[in-house]
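No lab work stands behind these numbers, since they all come straight from the coordinates. Not measured: the values here are computed from a predicted model. Note: ideal-geometry Cβ built from the backbone for every residue, glycine included; neighbour counts use all protein chains shown.
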Amino acid sequence: MFQTPMLDATTIVLIIIGIYLLSSIKILAEYERGVVFRLGRVLPQPKGPGIILVFAPIDRMVRTSLRIETLEVPSQDVVTRDNVTVKVNAVIYFRVLDPNKAVLEVTNYLYATSQLAQTTLRSVLGEVELDELLSQREKLNVRLQSVLDQHTGPWGVKVSMVEVKQVDLPEIMIRAIARQAEAERERRAKIIHAEGEYLAAEKLAMAAQLIQQEPAAITLRYLQTLVEIGSEKNTTVVFPLPVDIIPVLRKVIKDAVQPEQ
């Protein structure tokens with residue numbers, strides 16, 4: 001009569017112990033690590049991946065992902081070195097290298113990295129001019145990555161890449177840049193036109209020298225020009241008149257007029 005309650009109590013105890021052991025089993029994925037605090041003190045090495053035992057309330061585990069995190073930095077008002085106000089946003093790629101530091105050194109490494117990225121974006125881009133911001137974006141990305149990685153290193157976080165996504169300019173600056181681009185295009189067009197005229201002049205000079213050596217070449221050129229004019233079915237016939245003959249004609253006319261006077 002007295003054994004049945006004892007067996008029931010033993011069974012209950014075993015069931016409780018079994019439930020406690022089952023609840024102590026934790027499964028961590030391949031990309032996860034568990035930072036375990038035992039009686040308030042962190043264990044030297046993080047647990048995982050796979051099956052681990054966490055004996056609550058003695059142990060407390062904090063899961064940490066080792067995958068690359070993507071953090072979008074919201075648009076920031078940046079004043080460049082040449083006093084132009086622009087809105088700039090960016091994307092940051094980072095990952096946790098040391099889970100213990102990511103848990104112990106900072107309250108929330110995601111929030112801390114986000115705030116640090118915003119302030120760094122304003123400070124670094126505020127040191128450059130607008131032209132450098134628009135044309136040397138790769139250089140600025142590397143600089144931003146270096147500054148962020150230097151500050152997040154003590155947190156066990158590695159910043160692998162920073163990309164400036166978009167630069168929003170004021171309407172006045174957009175029109176000014178458009179006028180600048182138009183002026184640059186006109187300058188290039190004038191230079192190309194001048195170079196073409198220079199090359200054409202060189203070729204004409206070479207042709208003149210060649211015709212000077214062969215006087216019959218100019219006559220052949222005259223005849224070729226007449227053939228080209230006649231092929232267009234024109235009713236007007238053009239005879240080329242050498243410029244050298246004009247002074248001779250003037251002299252002849254002058255000599256013919258003077259005896260009559």
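One table, with the values for the structure above:
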read-out: FRET efficiency for Asp131 and Glu202, using Cβ-Cβ distance with R0 set to 30 Å, rounded to 0.05; value: 0.20
read-out: Relative contact order %, the chain, counting alpha carbon pairs below 8 Å whose residues are six or more apart; value: 13 percent
read-out: Estimated [θ] at 222 nm from DSSP helical runs (n ≥ 4, -39500 (n - 2.57)) normalised by residues in the chain, nearest 500; value: -18000 deg cm²/dmol
read-out: Cα-based Rg / Dmax (Å) for the stretch 177-216; value: 17.3, 57
read-out: Binned Cα-Cα distance frequencies in the chain - 5 Å width, integer %; value: 1, 5, 7, 8, 7, 6, 6, 5, 5, 5, 4, 4, 4, 4, 4, 4, 3, 3, 3, 2, 2, 2, 1, 1, 1, 1, 1, 0, 0, 0, 0, 0, 0, 0, 0
read-out: Positive-end extreme of charge dipole, the chain - chosen from Thr64, Gln212, Gly48 (charges on Cβ); value: Gly48
read-out: Positive-end extreme of charge dipole, the chain - chosen from Met161, Asn108, His151 (charges on Cβ); value: Asn108
read-out: Top of Ile19, Ile52, Ile211 by mean-square fluctuation, Gaussian network on the chain, Cα under 10 Å; value: Ile211
read-out: Residues of the stretch 56-92 with amide N under 20 Å of a point placed 7 Å along Cα→Cβ from Ala181; value: 84-89
read-out: GNM top mover of Ala176, Ala207, Ala189 - the chain, alpha-carbon springs below 10 Å; value: Ala207
read-out: FRET efficiency estimate (nearest 0.05) - Cβ-Cβ, Asp8 to Met161, R0 51 angstrom; value: 0.20
read-out: The chain: most fluctuating residue of Glu105, Glu214, Glu171 per GNM, C-alpha cutoff 10 Å; value: Glu214
read-out: FRET efficiency, Ser24 to Lys87 (Cβ-Cβ, R0 45 Å, nearest 0.05); value: 0.30
read-out: Label point at Glu105 placed 7 Å out along Cα→Cβ; residues across the stretch 137-173 whose backbone nitrogen lies under 15 Å; value: 147-160
